[in-house]
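The values are calculated or read from the model by the stated rules, or taken from the named source; none is laboratory data. These figures come from a predicted structure and were not determined experimentally. Cβ sites come from the backbone with ideal geometry, for glycine too, and all protein chains shown count toward neighbours.
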Amino acid sequence: MTHRVAIVGAGPSGFYAADGLLRANPELRIDIIDRLPTPHGLVRAGVAPDHQGTKAVARQFDRLLAQPDVRFAGNLEIGRDLTWDELRAAYDAVIVATGMVIDRKLGVPGEAEPLVWGSWRFVAWLNGHPDFRQGPDLSAVRRVAVIGNGNVALDVARLLAKSAEEMAKSDIVPAAAAAIAAAPLTDIHVIGRRGPEHASFTGNELGEMGRLARAVSVTDAAALGGQPPASDPTPERLRKAKNLEILKGFAGNTPGSKPVTVHFRFNAAPVAVRPGELELTTGVLPVDLSITCIGYTGEPFPTGEGVFAVGWARRGPSGTIPTNRGDSHAVAQQVAAWLKQRDPKSGPDPLPPCVNAAGWHRINKAETAAGAAQGRPRVKLTEWPALLEVARES
Ligand code: NAP
């Protein structure tokens with residue numbers, strides 16, 4: 001008998017936890033459970049569809065699913081198909097890797113759809129998440145406020161600013177790509193509540209904003225006089241200094257020199273949202289849509305003996321995909337050590353019928369074949385019935 005571990009959440013932190021468990025003890029039997037019929041979590045639904053290099057990590061995750069004692073259990077929702085108590089009773093350990101998928105709120109008057117969209121909902125729409133098939137109506141949107149100064153804000157601004165040609169090799173869902181291409185967009189305002197010396201952008205992502213075909217990035221040189229806080233560790237100071245250097249380049253650009261202008265605005269906190277305008281502490285900005293990129297929260301999950309958490313569910317919504325590798329591996333080692341001191345439980349296979357790895361491979365094959373016909377990495381299936389039907393086909 002060997003120990004059985006359930007990992008709830010088939011995103012990066014869940015897969016890295018499985019990888020860490022197998023490194024610690026190759027004998028373990030691991031079930032990676034997800035409420036969606038597709039694995040990869042944030043890599044599929046959250047990473048920007050034009051960042052295919054980042055999405056390539058999914059291939060490593062799929063290799064794990066080829067291991068004999070690793071199973072994917074998709075379309076299986078804890079709380080609906082199995083209770084947390086049943087899960088804990090059936091498995092020797094449970095690892096919660098559910099991430100954080102609820103948009104944080106600004107908490108200002110007027111904050112509601114259709115005037116304000118959260119970045120999770122917005123990016124999930126672009127990425128074909130079956131629960132977010134409806135995006136904002138962009139047909140009359142000329143000016144957008146992107147609120148926040150992290151890499152998600154840059155993703156959102158870039159995805160709006162890129163031309164259809166620049167998105168052609170991405171796996172953005174065609175309806176969303178068409179809506180963006182048809183929108184009469186002229187101005188995107190990326191808004192930070194603090195100065196640029198505090199922004200959490202990283203250099204590669206900010207630099208990309210200076211190389212867009214149909215958009216020019218601009219900022220006010222007067223905002224760039226600050227210095228990264230001396231108390232920051234050296235890598236942080238270097239990252240922020242690099243940001244300031246890139247922004248200085250943007251300050252020399254001419255607004256309106258390309259069809260879309262991306263304005264980086266700092267020291268401006270949202271106060272209220274009204275149709276056609278966003279009130280900031282610095283004044284009123286005419287905008288047709290605001291997209292908040294200010295972080296995420298998650299659903300609470302039961303804790304207790306034998307339950308461990310990894311990734312954003314454990315640490316909160318910060319850190320890139322590689323950050324989760326080290327984090328999940330460390331927790332996996334703890335889990336493996338903890339299991340060593342316990343006898344394996346016995347009992348029947350706890351998994352109800354669900355989408356297994358073969359089902360996911362069928363979805364994957366259908367999507368990549370549809371993509372190949374258009375010279376794109378994939379065209380996603382975005383509807384629950386279609387996903388389940390393709391997964392079931394033999
Ligand atoms: P983030 O880096 O924590 O940025 C959140 C931003 O929201 C901050 O600028 C924060 O400002 C601002 N904010 C929070 N509350 C606000 C409010 N009430 N009003 C106005 N602004 C507010 O988080 P993220 O952009 O969501 O990214 C999450 C993680 O994923 C990060 O580690 C990021 O690097 C990573 N990521 C990486 C990539 C990539 O590598 N390409 C892409 C996407 C995401 P303050 O600083 O003032 O709090």
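Checking the condition aliphatic (A, V, I, L, M) and modelled with pLDDT of 95 or more, which residue from 94, 101 passes?
Residue meeting the stated conditions: 94.
Looking at the range 291-313 only, could you name the residues that are under 19 Å from residue 329 (Cα atoms) and away from the ligand (no atom under 13 Å from the Cβ)?
Passing the criteria: 306, 307, 308, 309, 310, 313.
Is it the case, given these coordinates, that residue 222 is aliphatic (A, V, I, L, M), in a loop (DSSP other than H, G, I, E, B) and assigned by TED's automatic domain parsing to the domain that holds residue 183?
No: the conditions fail for residue 222.
Starting from the range 318-336, keep only residues that are in contact (Cβ under 8 Å) with a residue 12 or more places away in the chain, then list their pairs with residues that are within 9 Å of the ligand (Cβ to nearest atom) whose Cβ atoms are within a distance under 7 Å, requiring at least 6 positions of separation or different chains.
321/54
Return a yes/no flag: does the range 42-56 have any residue that is surrounded by 19 or more Cβ atoms within 10 Å (Cβ to Cβ), without any contact (Cβ under 8 Å) to a residue 60 or more places away in the chain and either within 16 Å of the ligand (Cβ to nearest atom) or among the basic types (Lys, Arg) (or both).
no
Scan the range 259-274 and tell me whether some residue there is closer than 30 Å to residue 35 by Cβ and surrounded by 13 or more Cβ atoms within 10 Å (Cβ to Cβ).
Looking through the range 259-274, none of the residues is closer than 30 Å to residue 35 by Cβ and surrounded by 13 or more Cβ atoms within 10 Å (Cβ to Cβ).
Name every residue in the range 164-219 that is aliphatic (A, V, I, L, M), more than 27 Å from residue 375 (Cα to Cα) and part of a helix (DSSP H, G or I), in order of residue number.
206
Hey, does the range 329-343 have a residue that's in contact with a Gly (Cβ under 6 Å, 6 or more places away or on another chain), in the same structural domain as residue 95 (by TED's automatic domain parsing) and of a type outside the set (Gly, Ala, Ser)?
So far as the range 329-343 goes, yes, one or more of its residues are in contact with a Gly (Cβ under 6 Å, 6 or more places away or on another chain), in the same structural domain as residue 95 (by TED's automatic domain parsing) and of a type outside the set (Gly, Ala, Ser).
Name the single residue that is farthest from the ligand (Cβ to nearest atom) among those in the range 137-148 being part of a strand (DSSP E or B) and among the aliphatic types (A, V, I, L, M).
Step by step, filter the range 137-148, then rank; the result is 144.
Give 278, 285 a once-over and let me know the one that is within 15 Å of the ligand (Cβ to nearest atom), more than 27 Å from the chain's Cα centre (by Cα) and in contact (Cβ under 8 Å) with a residue 40 or more places away in the chain.
285
Kindly indicate whether residue 186 is within 27 Å of residue 316 (Cα to Cα), in contact (Cβ under 8 Å) with a residue 40 or more places away in the chain, polar (S, T, N, Q) and away from the ligand (no atom under 14 Å from the Cβ).
No, not satisfied.
Within the range 104-120, can you find the residues that are under 20 Å from the mean Cα position of the chain (by Cα) and either over 23 Å from residue 192 (Cα atoms) or within 13 Å of the ligand (Cβ to nearest atom) (or both)?
Residues satisfying the conditions are 104, 105, 106, 116, 118, 119, 120.
Does residue 47 satisfy being at pLDDT below 95 and within 30 Å of residue 177 (Cβ to Cβ)?
no
Name the residues in the range 85-108 that are surrounded by fewer than 17 Cβ atoms within 10 Å (Cβ to Cβ) and either touching a Lys or Arg at 6+ places or on another chain (Cβ under 8 Å) or within 17 Å of residue 348 (Cα to Cα) (or both), would you?
Scanning the range 85-108 gives 85, 86, 89.
Would it be correct to say that residue 132 is modelled with pLDDT of 95 or more, among the aromatic types (Phe, Trp, Tyr) and over 21 Å from residue 287 (Cα atoms)?
The answer is yes for residue 132.
Only one of (1) more than 17 Å from residue 150 (Cβ to Cβ); (2) under 25 Å from the mean Cα position of the chain (by Cα); (3) in a helix (DSSP H, G or I) is not met by residue 245, so which one is it?
Tallying (1) more than 17 Å from residue 150 (Cβ to Cβ); (2) under 25 Å from the mean Cα position of the chain (by Cα); (3) in a helix (DSSP H, G or I), residue 245 fails exactly one: (2).
I'm trying to understand the selection: among the residues of the range 7-25, which are over 17 Å from the mean Cα position of the chain (by Cα) and outside any strand (DSSP E or B)?
Of everything in the range 7-25, those that are over 17 Å from the mean Cα position of the chain (by Cα) and outside any strand (DSSP E or B) turn out to be 17, 18, 19, 20, 21, 22, 23, 24, 25.
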